[in-house]
1. Filtering the range A:152-176 down to residues that are within 24 Å of residue A:110 (Cα to Cα) and away from chain B (no Cβ under 12 Å), which residue is surrounded by the most Cβ atoms within 10 Å (Cβ to Cβ)?
2. Sort out which residues of the range A:333-360 are buried (at least 23 other Cβ atoms within 10 Å of the Cβ), in a helix (DSSP H, G or I) and out of contact with any strand residue (DSSP E or B) (no Cβ under 9 Å at 6 or more places or on another chain), and write them in order of number.
3. Among the residues in the range B:396-406, are any touching a helix residue (DSSP H, G or I) at 6+ places or on another chain (Cβ under 6 Å), crowded, with 22+ Cβ neighbours inside 10 Å, in a loop (DSSP other than H, G, I, E, B) and in contact (Cβ under 8 Å) with a residue 60 or more places away in the chain?
4. Out of curiosity, is residue A:113 at the interface with chain B (Cβ under 9 Å from one of its Cβ atoms) and farther than 23 Å from residue A:300 by Cα?
5. If you scan the range B:133-158, which residues turn out to be over 24 Å from the mean Cα position of the chain (by Cα), crowded, with 18+ Cβ neighbours inside 10 Å and more than 8 Å from chain A (Cβ to nearest Cβ)?
6. Would you mention how many residues in the range A:15-39 are in a loop (DSSP other than H, G, I, E, B) and either out of contact with any helix residue (DSSP H, G or I) (no Cβ under 8 Å at 6 or more places or on another chain) or modelled with pLDDT under 95 (or both)?
7. Those residues that are in contact (Cβ under 8 Å) with a residue 60 or more places away in the chain and surrounded by fewer than 19 Cβ atoms within 10 Å (Cβ to Cβ), I need them from the range B:169-182; list them, please.
8. Condition first: in contact with a strand residue (DSSP E or B) (Cβ under 7 Å, 6 or more places away or on another chain) and either under 21 Å from residue A:306 (Cα atoms) or in a loop (DSSP other than H, G, I, E, B) (or both). Now tell me which residues in the range A:361-388 satisfy that.
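The values are calculated or read from the model by the stated rules, or taken from the named source; none is laboratory data. On a predicted model such as this, the values are computed, not experimentally measured, just so you know. Positions of Cβ are backbone-derived with ideal geometry, glycine not excepted, and every protein chain shown enters the neighbour counts.
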């Protein structure tokens, strides 16, 4: 389906088979830490000499999860979080040496409470070390000070898991690695957002996934192979391949969109996805701000980011989204909202107020009808663009 | 709290009726002062009410106002107004209803003439969308929004017996960094309120407020203990919910303290007289979750039809166990932080929540529990293990799209008959 000779084939492999990436790393004697969420600073893990792999909740198992892989309190948890719990209960995460749960959403907080209680009562089959990173998000001094304590605490935990001390030089190396990958992603984004893109949205999303899975040098090597923008007659955008005029350029916002297949559906339906601001997308623009203390750089970078709607401020999100929309020049914005997403819905009215392009909002879930829902969403976007 | 529709409750306690009258008169005063330009705050239940009390800044609690909206059967209308404006209405219903009232802009039909336009909004950021909700609310009303962080207890084992440890040992039982954070936020809040309202914060007055709040909690603890050990129960949740919560929203005031004392005295009198909420009490139940404010009489339907009494709710339980923080020479602002930091945790964070629910069930000689709209797997599991059957109902208390009286009656009746009656029979037989 995804081809084996294309520049992005290794990225697809990393996206689809994170456990195999872990196996390769561990075969060289390394340790692997799973990160649940974008709010866990992966550079801390890198600094400790371990490989951080952000968990895609549909790719936790080495093979297809058994249908019985469910758990009674799933009703209390979002489907994505339930999949993590289910994998822990069935010891499917044997490819991890530790797990850090970030406070992206309160569903993650709830998962931490559940896992901690199961560990406390000896109800998990294997005692995977689990830590929780309580990142506060208000742009205040009080939150910043608390976050510094939490980052220092997490670093201490990671050092313990790694069995080695982590000094400032390690931290700087971890941050430099992140910055280098961000630069590669920015270059990829330029090709994706060019007047006639040479990189599809689905490819960019796969690249963002891979950047959250592979070691930095490796993912940068593969990203370097991305094609330069081509002649308009040879563009890869679905509609532009039939016309010298590019098809509807669409910016995706709303709930976390983990599945690249969702993007593929939208692209087949005629949309050219030029950008997104959900937390799986990464255009490399979240750069570390300079600071004397390496930990200060890490805290500022995450506390003040607004990569997802959950727990974010509307003003920060509107500023971020507006800037990205302006830069990617879409014809429309498509907001896809999950039923369990308590935050994204609040952004619709302000988005419509500040953006000059149509904003189409669609409620989706990950059920079997999602393909049809996305196809219908694409039709609505095309109609909205045509209606001007 | 009077219901204009739904199933109306019959008052058993004199005090609950007089509290309701007081609340109405007090609210008229709040409206009048707000009209003259006095500062007026709308606060969530986990906001630092005591600071506003000490600074004589009028405030209304979101959850109380939402319960009033629900009791007046206006929830569906206000939820629809939210949708009309393009805002979500299927999460945080307890918090969004007052914004729906703002959007409806129909004071003639609003409860008690409507909530005055707030000058201050405050909440703790405990859900994913809370910050956005309050930011929209502030933008729509012109209020200033003071959010507070809600930190997480990340310890591997946070202990269980918080109800024993927190009153005196709060600074040892709670993580210092969580206390530091909120205490620092509260200090900043005091300064901000002084500047925006022109009111002065008196450390002496604040100490008195904290002391009154503790003494109010002592009354509530005595009331809870009495209800727990007395069979038949002198009162049910149909009375204790409003009789506890109206004074709770006046926490730290002389009236709040005295009202809690009146409740305690009246319960003591009923116990002395052998008066039960349900003379034919057969089954003792606990209600896990928020109250059915729009149909409080539903609780009494189970008394009348099944002899099943809802003896326990979190409202009196928390009023008894959740608020006591003795200062004993320590910083009262830090003591207030210690009251607020664990507020949501004690209800929803295992093992605190589950251990407490079991403790309370055993103290109250509970035969069965109904969990309404709660995410409490571990509470349910531990209650079941302790011999207390649990019925879980997926619904939202103020969202009438999610439940009806008939659906609750049927589910609870079947549950009592099938699972609770045998437990109650063993208890009655002394087994």
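1. Quick first cut of the range A:152-176, residues within 24 Å of residue A:110 (Cα to Cα) only: A:152-158, A:161.
Okay, now just the ones that are also away from chain B (no Cβ under 12 Å), so A:155-156, A:158, A:161.
On the way: A:155: 21, A:156: 13, A:158: 26, A:161: 18.
Residue satisfying both the conditions and the ranking: A:158.
2. Residue satisfying the conditions is A:346 alone.
3. The answer is yes, given that some residue of the range B:396-406 is touching a helix residue (DSSP H, G or I) at 6+ places or on another chain (Cβ under 6 Å), crowded, with 22+ Cβ neighbours inside 10 Å, in a loop (DSSP other than H, G, I, E, B) and in contact (Cβ under 8 Å) with a residue 60 or more places away in the chain.
4. Details: at the interface with chain B (Cβ under 9 Å from one of its Cβ atoms): yes; farther than 23 Å from residue A:300 by Cα: yes.
Here the answer is yes, as residue A:113 does meet what is asked.
5. Within the range B:133-158, the first condition is being over 24 Å from the mean Cα position of the chain (by Cα), and the residues that meet it are B:136, B:139-144, B:154-157.
Applying the additional criterion that residues be crowded, with 18+ Cβ neighbours inside 10 Å yields B:136, B:141, B:143, B:154.
B:141, B:143, listed by residue number.
6. Residues of the range A:15-39 that are in a loop (DSSP other than H, G, I, E, B), as a first pass: A:17, A:28-31, A:37-39.
This time we only want the ones that are either out of contact with any helix residue (DSSP H, G or I) (no Cβ under 8 Å at 6 or more places or on another chain) or modelled with pLDDT under 95 (or both), so: A:17, A:28-30, A:38.
Number satisfying all stated conditions: 5.
7. Matches in the range B:169-182: B:171 only.
8. If the condition is that a residue be in contact with a strand residue (DSSP E or B) (Cβ under 7 Å, 6 or more places away or on another chain) and either under 21 Å from residue A:306 (Cα atoms) or in a loop (DSSP other than H, G, I, E, B) (or both), then A:361, A:365 are the ones that fit.
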